[in-house]
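Each reported figure results from applying straightforward, stated rules to the coordinates on display, with no laboratory input. As the structure is a computational prediction, the values presented were derived from the model and not from experiment. As a convention, Cβ positions derive from the backbone with ideal geometry for all residues, glycine included, and neighbour counts pool all protein chains shown.
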Amino acid sequence: MSTRDSHRRDGVVASLRETMADLVSLRSSGGPVTKGGFTVSTRFSSSIIAIVAVLAVLSLGATPVAGQAPLPTPPEAHTWDPPRTPDGQPDIRGHWSQQNRITTYSIQEGTADRETHIGITGQTAATGRPIIDPPDGKIPYQPWAAERAQFLFDEHWGPSKIEYIDPVSRGFLDGLPRINYRGAMKILQPPGQVIMINEYNHTYRVIPLDGSPHIGSDIKLWMGDSRGHWEGNTLVVDVTNLNEHTWLDIVGSFHSDALHLVERWTFVNPDRIDYEVTIEDPKVYARPWKLLVNHGRMDDNYEQWESAVWEGNNAVEVILGAPPKLRRSRW
Amino acid sequence: MKRLVSGWTTGLTVLVAASALVPAAQAQTVPRGADGKPNFSGFWQVMSSAAWNIQDHHADVNVPAGQGVVEGNEIPYQPWALAQKQENFENRETADPNGQCYLPGVPRIMYMPFPFQIVQTPTYTAILFEYVHAVRHIFMDGTPHPEGHIDWWMGDSRGHWDGDTLVVDVTHFDERTWFDQAGNFHSDALHLVERYSFVDADTIRYEVTVEDSKVFTRPWTMSLLFYRHKEENFRLLEYECYAFDDLFRAVE
């Protein structure tokens with residue numbers, strides 16, 4: 001096996017880990033995607049059973065962790081002088097991925113969620129959880145919203161309606177902040193912008209740094225509208241214009257279209273970025289809350305390859321046993 | 001380009017030769033990167049009806065008329081393939097893969113009626129599309145296509161410079177995409193050579209040579225223009241083809 005193949009294989013395994021973490025997405029496949037001995041990581045030709053088997057194999061190296069799921073490493077003092085881009089930004093160009101074994105199965109602390117997860121995967125509790133505020137690791141829902149969240153959680157094993165299936169499992173975009181605890185991300189920094197390209201489901205964000213205003217509030221987007229600026233070594237990004245259709249994990253942690261994020265991407269050292277986000281939604285949460293995720297630098301020669309999620313997606317058919325109507329383009 | 005022997009006489013000769021080949025206005029006014037190459041970064045979109053039909057066509061319901069973008073207007077199909085194309089055309093309302101909201105493939109996505117953003121660096125260029133948030137990665141670091149064949153909706157793109165023209169070789173295609181809504185199609189043997197060059201600072205000429213020995217009798221070429229978006233605070237929005245409200249609960 002060449003270095004290149006080996007590199008790709010590692011990427012496939014990493015991607016499998018990441019995507020398998022979403023195993024109850026039941027993302028079965030649109031057919032085999034291997035040809036000429038290549039395996040493409042983005043569609044799966046096997047059944048859910050096979051997916052679980054793969055996960056079990058991948059989990060062999062995982063260290064069981066008793067009790068609470070591990071939290072990301074807290075931000076450190078960062079007084080160093082990082083290299084700069086030609087327009088003077090701290091230079092964070094390159095490939096990054098989250099280092100906390102956070103799955104998007106459930107981001108909340110709590111054994112109920114994790115027992116379910118463990119039951120499916122045999123993965124033990126070797127997953128991280130990102131909520132640092134409030135300290136109990138739970139989303140501070142308003143009372144009505146807590147009921148709704150519990151309902152969605154109860155539904156997630158056997159959804160009775162299509163809208164109770166995780167939107168990502170149906171092939172839709174992760175939205176924010178979920179994409180930031182998924183997987184491989186490439187950062188580009190043309191003058192006056194930061195661009196983040198996520199491998200999973202070929203998602204991207206373009207963050208202008210020029211002080212321009214958000215777009216009109218009637219425009220709702222899966223990935224929102226991001227405007228940023230640098231405060232020292234921290235990229236601060238204000239995100240609005242988010243729609244109400246995305247979830248924060250598979251089990252139905254949700255928000256409304258009033259979601260507002262303030263992201264702080266702190267360049268801690270050449271190989272680490274700490275992502276801390278304050279999440280605010282006055283329609284759904286009792287108070288703002290925070291996630292923390294550590295991102296680490298990947299091999300500079302990493303190549304993102306095609307991740308065609310929708311194209312092979314049979315989640316609705318598998319979960320509900322019914323074919324969706326013919327989809328049609330309307331442009 | 002061959003590495004040049006050092007020496008001022010050689011350099012002078014090259015300078016004179018280059019200035020004779022490139023119109024002075026173009027050489028000076030197009031955006032260039034730190035590497036001296038033309039920089040195509042920015043927001044672009046066609047003004048063309050090629051996405052409906054890449055050949056000459058008159059208007060139809062919800063289809064704007066258009067002059068074709070195929071050189072000579074003829075697509076050199078093999079006989080069986082011409083019959084297939086005609087069948088595709090008859091069935092286009094249900095058979096067009098874009099109707100399933102799949103990634104549209106290359107070159108079709110380049111001339112769909114949606115803007116895209118080019119982000120260019122010396123060794124890598126991204127093209128970000130509003131339509132189904134597609135991304136093209138164009139690797140320009142001299143690496144070859146991966147071994148294959150690999151079925152990718154958007155192919156594998158490797159770029160290099162031919163003077164001031166960005167040349168992108170694209171291979172590893174899935175056979176399920178079309179060139180347009182009129183049923184023009186290809187196989188998984190599709191191989192493209194794209195050429196991007198500035199006409200002026202706000203216009204890119206896009207030429208693509210199409211080769212597919214399973215479907216066509218010879219290579220053929222399309223030529224289009226990309227126009228720069230200059231609106232204030234312009235950004236790509238989203239066209240999530242498969243996620244509109246009436247499809248959201250679309251189980252019968």
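Estimate the FRET efficiency between residue A:210 and residue A:154 by the formula 1/(1 + (r/R0)^6), using the beta-carbon distance for r and 51 Å for R0, to the nearest 0.05. After rounding to 0.05, the efficiency reads 0.65.
Whole-Hz Karplus values for region A:172-181 come out as 7, 6, 4, x, 10, x, 3, 4, 7, 10 Hz, taken residue by residue from phi with 6.51 cos²θ - 1.76 cosθ + 1.60 and θ = phi - 60°; glycine and proline positions read x.
Taking every alpha-carbon pair in chain B and binning the separations at 10 Å intervals from zero gives 7, 27, 34, 21, 8, 2, 1, 0 percent. For the residue pairs A:283/B:230; A:161/A:283; B:37/B:85; B:37/B:230; A:186/B:230; A:220/A:290, the alpha carbons lie more than 30 Å apart in A:283/B:230; B:37/B:85. Amide H to amide H distances under 5 Å link residue A:204 with A:198, where only residues 5 or more positions off or on other chains count and H is placed in the peptide plane. From least to most packed, judged by other beta carbons within 10 angstrom and beginning with the fewest, B:85, A:283 follow the order A:283, B:85. Dipole size of region B:93-244 about its Cα centre, with +1 on Lys/Arg Cβ and -1 on Asp/Glu Cβ: approximately 180 debye, rounded to the nearest 20. Exposure proxy ranking for B:112, B:140, based on other Cβ atoms within 10 angstrom of each Cβ and starting from the fewest, stands as B:140, B:112.
Using the empirical formula 2.2 N^0.38 Å as the baseline, the Cα radius of gyration of region A:211-331 reaches a ratio of 1.33. Note on residue A:220 and residue A:286: the model spin-label points, each 7 Å out from Cα along the C-beta direction, lie 2.6 nm apart. Gain on full extension, evaluated as 0.36 nm per residue between residue A:144 and residue A:244 minus their Cα-Cα distance, stands at 34.4 nm. Placing dummy labels 7 Å off each Cα toward the beta-carbon, the span from residue B:201 to residue B:89 is 4.4 nm.
Label region B:104-252 by shape, choosing from rounded, prolate and oblate, from the square roots a ≥ b ≥ c of the eigenvalues of the Cα gyration tensor; if a/c is under 1.5 it is rounded, and otherwise prolate applies when a/b is larger than b/c, oblate when it is not. Note, shape of region B:104-252 comes out oblate. Net charge in the neighbourhood of residue A:195 (other residues with Cβ under 9 Å of its Cβ; Lys, Arg +1, Asp, Glu -1) is +2. Charges were assigned to the Cβ only: +1 to each Lys and Arg, -1 to each Asp and Glu. The resulting dipole of region B:63-136 about its Cα centre is roughly 240 debye. Okay, which of region B:209-228 sit inside 11 Å, backbone N to the point 7 Å along the Cα-Cβ direction of residue B:165? So the set is B:209. Cut-off 13 Å, label point 7 angstrom out along Cα-to-Cβ of residue B:221: give me the residues of region B:173-193 whose amide nitrogen falls inside. It comes to B:193, nothing else. Using r as the Cβ-Cβ distance of residue B:59 and residue B:213, and R0 as 22 Å, what FRET efficiency do you calculate, to the nearest 0.05? Working from the Cβ atoms, E equals 0.05. Of the candidates B:238, B:130, B:175, which one comes out as most mobile in a Gaussian network treatment of chain B with C-alpha springs shorter than 10 Å? Result for chain B, Cα springs under 10 Å: B:238 fluctuates most.
Rounded, prolate or oblate: which fits region B:165-235, taking a ≥ b ≥ c as square roots of the Cα gyration tensor eigenvalues, rounded meaning a/c under 1.5, else prolate when a/b beats b/c? Here region B:165-235 falls in the prolate category. The simple spin-label model puts a point 7 Å past each Cα toward its Cβ; for residue B:229 and residue A:300 those points are separated by 3.3 nm.
Taking neighbour Cβ counts within 10 Å as the exposure measure, how do A:179, B:54 sort from fewest upward?
On the way: A:179 23, B:54 27.
Neighbour counts put them in this order, fewest first: A:179, B:54.
Inter-chain Cβ neighbour count for B:232-243, averaged per residue, equals 6 (cutoff 10 Å, partner chain atoms only).
Would you please classify the overall shape of region A:170-224 from the alpha carbon gyration tensor, given that a ≥ b ≥ c denote the square roots of the eigenvalues, rounded means a/c under 1.5, and beyond that prolate means a/b larger than b/c while oblate covers the rest? Here region A:170-224 falls in the oblate category.
For chain B, the longest principal axis of the C-alpha atoms and the axis of helix B:79-90 are separated by about 60°.
Between the helical axis of B:8-21 and the longest alpha-carbon principal axis of chain B there is an angle of about 40 degrees.
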